[in-house]
Each structure stands twice: as structure tokens, then as C-alpha cells.
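The structure appears below as C-alpha cells.
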Amino acid sequence: MKARVLSTKKLLPNHRQFLLNAGLAVMEADFITIQYRPFELNTIHQNLIFTSQNAVKSFLKHEKAANYTAYPVFCVGSKTREALEKSGYNVIAAAEYAEELAEVIVAGYAAESFTFFSGSMRRDTLPDALVQSKITWNEIEIYQTVLSPIKINAATDGLLFYSPSGVESYLKENRVGDAVCFCIGTTTASALEGITANVVVANKPTVENVVVQCVNYYRDL
């Protein structure tokens, strides 16, 4: 019998096909919705911080976004970096997790100032580090993460999660039960603490690697 897996966000066709080619039965649904919101670029410090691709997408919609291509940028995630550099921005430091980026900023750039472009459900990791190190910074919230819970009636063997908010949304209408949870990173996995220990964390925090981990897991059974 095919293992049945649920992706908590709609997959790209090639990612879905990779799962299907591995003999898995695939379900997918968007458990969170991103809403870009209007914002002003009034007080912008000498460095910019982005911790998600959604923040980059929202920022690029602003008519004055191109005025900041020469500003040094700090970001979280290889895909976030890729999106910024593709649009002509000057990424001088990138890390896979906010904790790591905070360490880079505190260690080498504490005398500088930063503007953090964030979402409505961002974690406190980076802001707390900036405050504790007395670094000058401000924050502009440029998108909203909206939970979109969906009741899944079919049994699932594997669950693919890409953010803590995705976990939160899924749990509003569903139980994890015995399903294996494939998580994009440790932050997402931490949202499942006390709920299940049946967790596989991606080697790299990308959707592709979550899919690869899922395929490898069921291939090895």
C-alpha cells in the first residue's frame, strides 16, 4: 500500500512529481495565506534585514524598492538570498537560521544600524538579539501571515511542514497521530514539541530538501 503524505503548502509541479515518482500518494493544501500589506519607507537605516522570501516579495512591490539596491542586506535562507541577488540587492551576510544571522550581526556589525522587514508572525529571536546588544534598529511589518486551517479527512502517513505557523494551522483542525512529520528546519520542528517525537528535519531549510527527506524515508523502509 502506498504511503500517503500531505504537504501543508501547494507544491511546485516538479516537487509533487518527485513524490509521485517515489510511489507516494500525495495530498497538498495551503494551510497559511500570505497577504502583502502597504507600508512606508520613511526611516530606513544603513543595513536591511529580510528573514523570509515573503518579505522580499512584499518589499519588491513597493515603488521605491529599487532605491535601496546599494544598501547592505542581511538575510535568512538560501532562497531569500537568491531572490534578493536576482533583483540586484547587495547581500553581504546570509544564514540558514535567525539565530545564526543574529550572531553574525552582533559579532561584526554591532556599531551599525538596521531596518528589519518582517511578517506579522515573526519570531522574537532576531529582535531580542538586537535589543540585548543595544544595536540601533527599527522594524517595518510588510506582510501578514493568516492561518487557513483545513480539515483533512483522509488518513496520512507523512506530514510536510514548512513553518511554525503551518504547524499551528494544521493542528487547529487535525491531529498528528502516528504520522511522520517532515520539517523544513529546527524552528518548525520545535512547534511539534510535546505533540510528537516522530520528526525528520531537513538537512537544508528548503522545500526541496523536505521533499527529498520524505522520499528517502519511505524509500528506506
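Could you please let me know if residue 80 is closer than 20 Å to residue 163 by Cβ and either without any contact (Cβ under 8 Å) to a residue 40 or more places away in the chain or in the same structural domain as residue 187 (by TED's automatic domain parsing) (or both)? When the stated conditions are applied, residue 80 passes them. When residue 8 is tested against (1) polar (S, T, N, Q); (2) surrounded by 14 or more Cβ atoms within 10 Å (Cβ to Cβ); (3) in the same structural domain as residue 140 (by TED's automatic domain parsing), just one condition goes unmet, and that condition is (3).
Within the range 7-48, being assigned to a strand (DSSP E or B), among the hydrophobic types (A, V, I, L, M, F, W, C) and within 19 Å of residue 206 (Cβ to Cβ) holds for 26, 32, 34.
Residue pairs whose Cβ atoms lie under 9 Å apart, sitting 6 or more positions apart in sequence or on different chains, and linking a residue in the range 35-62 that is β-branched (Val, Ile, Thr) to a partner that is in a loop (DSSP other than H, G, I, E, B), are 44/71; 51/77; 51/122; 51/123; 56/87; 56/89. Residues in the range 49-92 that are hydroxyl-bearing (Ser, Thr, Tyr) and either over 14 Å from the mean Cα position of the chain (by Cα) or outside any loop (DSSP other than H, G, I, E, B) (or both): 58, 68, 69, 71, 78, 80, 87, 89. Mind checking whether some residue in the range 135-151 is over 25 Å from residue 6 (Cα atoms), outside the structural domain of residue 22 (by TED's automatic domain parsing) and part of a loop (DSSP other than H, G, I, E, B)? Yes, the range 135-151 contains a residue that is over 25 Å from residue 6 (Cα atoms), outside the structural domain of residue 22 (by TED's automatic domain parsing) and part of a loop (DSSP other than H, G, I, E, B). Among the residues of the range 46-76, those that are of a type in the set (Val, Ile, Thr) and farther than 14 Å from residue 87 by Cα comprise 49, 51, 76. Check the range 174-192 and report whether any residue there is of a type in the set (D, E, K, R) and either in contact (Cβ under 8 Å) with a residue 12 or more places away in the chain or in the same structural domain as residue 44 (by TED's automatic domain parsing) (or both). Yes.
Of the residues making up the range 106-125, those that are more than 15 Å from residue 165 (Cβ to Cβ), not in a helix (DSSP H, G or I) and not charged (D, E, K, R) are 109, 110, 111, 113, 114, 115, 116, 117.
The values are calculated or read from the model by the stated rules, or taken from the named source; none is laboratory data. In this text the structure is predicted, and so the values were computed from the model without any measurement. All Cβ positions, glycine included, derive from the backbone under ideal geometry; neighbour counts span all protein chains shown.
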